[in-house]
Structure formats: structure tokens, C-alpha cells
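Bear in mind that the values in this text are calculations on the coordinates, not laboratory data. From a predicted model like this one, the values you see are computed outputs, not experimental measurements. Glycine gets a Cβ as well: all are built from the backbone with ideal geometry, and neighbour counts include every protein chain shown.
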Amino acid sequence: MWIKISRLLELFLANERDPNVKLVIVKGKGRAFCAGGDVAAVVHLVNEGNWRLGAKFFSKEFILNYIMATYRKNQVSILNGIVMGGGAGASIHGRFRVATENSVFVSLSLVQSYLEFYFHLVRKPLGGLTSAFPTCLFAMPETALGLFPDVGASYFLSRLPGFFGEYVGLTGTRLDGAEMLACGLATHFVPSVRLSLLEEALCKLDSTDPALISAIIDEYSHQPSLKEQSAYHRLSVIDRCFSRRTVEEILSALEREVLNKKDDWISATIQSLKAASPMSLKISLRSVREQKA
């Protein structure tokens, strides 16, 4: 798995230096954009005493995240499916992040999904789409992980409105495309039926101007409505509770809220926190708070 990440890293670096590459479009194949790295395999390596190989995987992954976050070429990530764990690190740091009605964002890797990365490069001489990268496969078995928001997640979670980042990071809640757009994880929302037209238009663009790229995406964009049960409608409760200094104080605040107002969402949030690793919760909260400081 680290070999595939190393290959992605090589390709990103090579194409950043290539003057013919004007735009990188990143998308998944199938039901997922990316469901994260195979962390279960890393745990297996550590249990066998091969911790250096596990460390190598995370080292390569985090370097790739940094390269993508500081990339000089424009990236358009099409998040038409599951975006979890490492998938967030491979997309959220880019300039343009396009959600759809099929988007599902989770800050931790919680589902099993096989995926393929397809990188399409817009090259100046051709003015069209060139499939230049091989397919890379990642897999993640379904499991709840006692981890913390890595892949740069503490940075982008800390930039979400109010204390919504703390809520997402601690609970691992799922966000749909409309919620991703509302909180800023996505920059645009494009219905999936328009994606092929969007890609075609982007590939015809002979410019590196971000404003022009954004304008093209705007042409195919749509303003979705939040579902009635969306957590984003509960920002006031989230801010009251998740602004507390410690995990214990957050839980106490939520428990007081549920006493005053019987709300299944608050009860589910409490259960999510109580089911998680206490140490992971504390590390997650501190990492997001330090990025805000």
C-alpha cells in the first residue's frame, strides 16, 4: 500500500514540474472517492513486530498530503461518493472540491470500500483529457478506529464554522454533499448527472487562472437544500456544547441539553462519544483546538 502512495507522490511531483500540465482532476471509481488507507493492515504489521513498515506507510501518506496541500497546480477533486479518512487528506486540501448528492464525508475510516484513483491531466498541446496515471487500489476493512483526525484534518476541521469541526472530529458523524458545501468542506455542489459535462468543459479550458476554473464549475453548480434532520441546523447546540474546554465538559453539556429537550440527535451524539476511545477523543479535541490557536 505504501508503494502505491509512493507512486502517487512521484506522479504529483513530476506533473507539478511539467509545464504542459495545467489542471489535475482527481476522482474515484465506483461508490467511493476514497474510503481511506488500509489501517487494519498497518495494525497487523505492528502486531507482527514490523512497526517500521507501518511507520513507512503513514510517513508516505502524510508527505503526499503535504504535497497536495502545497501543490502549485490547480486541483479539482470530484467527491462523488464516500470520502473517509485518507480520502479527506487526498482532496480537502485542494483548491476546488466538488460535492454531489452522492457525497458522504466521515472524518474517520469506518466502512469497507474498494476504490480506484483516476487522475486526468489537462495538457496544453492536446487541449483535452489525457489518461496519464495508472489505477491505484486501496482497501479498508469495516472497523471503528481508535485514532485521531490525521491527514491534516485537524487543520481543516479547525476552519469550519463555530465548533462544528470539533463535533465532526469527535463524533465521526457523516456529512452529505449539501452539508459539506454549507460548512466549507466542499467549494461547489454539482449534480452527478452534470459531472461529465463539467469535466469536458474543464478539459477544454486553456488557462491556469483559478477564477476561470471556478467560473466554469459555477456554470454546472447547484445550491442544494439541507435535510431537515441535518446536524448543521443544530449549530447553536453544537456551539454551546462543543465549545467546552474538555471532553468531559462537552459530555456534561450534552447531557444537560437532553434533559431540557428530548432530542434523538443529542442522545445519538452522546452515545457516539461514549462509544469512542477516551484517549482518542482527548487527542482529537486538543489537535483541533491547537490549530485554532
Working out 0.36 nm times the residue gap between F62 and R286, then minus their Cα-Cα distance, what length gain in nm do you get to one decimal? 78.7 nm
Scan around V26 for amide H atoms under 5 Å from its own, H built in the peptide plane at 1.01 Å from N, and keep only partners 5 or more places away or cross-chain. V76, S77, I78
Sort the following peptides by mean Cβ neighbour count (other Cβ atoms within 10 Å, averaged over residues), highest first: 173-183, 280-290. 173-183, 280-290
Quickly work out the H222-to-N20 label distance, labels modelled 7 Å from Cα along the C-beta direction, and quote it in nm with one decimal. 3.7 nm
For all pairs of alpha-carbon atoms in segment 231-292, what percent lies in each bin of width 5 Å, listed from the first bin to the last filled one? 3, 18, 29, 27, 17, 6, 1
Stokes-Einstein diffusion coefficient for segment 189-271 at 25 °C in a medium of 0.890 mPa s, Rh from the Kirkwood formula over Cα pairs: what value in µm²/s? 151 µm²/s
Of the cross-linked pairs K27/K204; K4/K292; K60/K282; K27/K73, which ones have a Cα-Cα span greater than 23 Å in the structure shown? K4/K292; K60/K282
Could you tell me what fraction of 2.2 N^0.38 Å the Cα radius of gyration of segment 149-293 comes to, as a two-decimal ratio? 1.25
How many nm is it between the label spots at L53 and R72, if each spot is 7 Å from the Cα in line with the beta carbon? 3.7 nm
What aspartates and glutamates does K56 reach when the alpha-carbon gap must be under 19 Å and sequence neighbours fewer than 8 apart in one chain are set aside? E10, D38, E48, D150
Give me the extension gain from R174 to T208: residue separation times 0.36 nm, minus the current Cα-Cα distance, reported in nm with one decimal. 8.9 nm
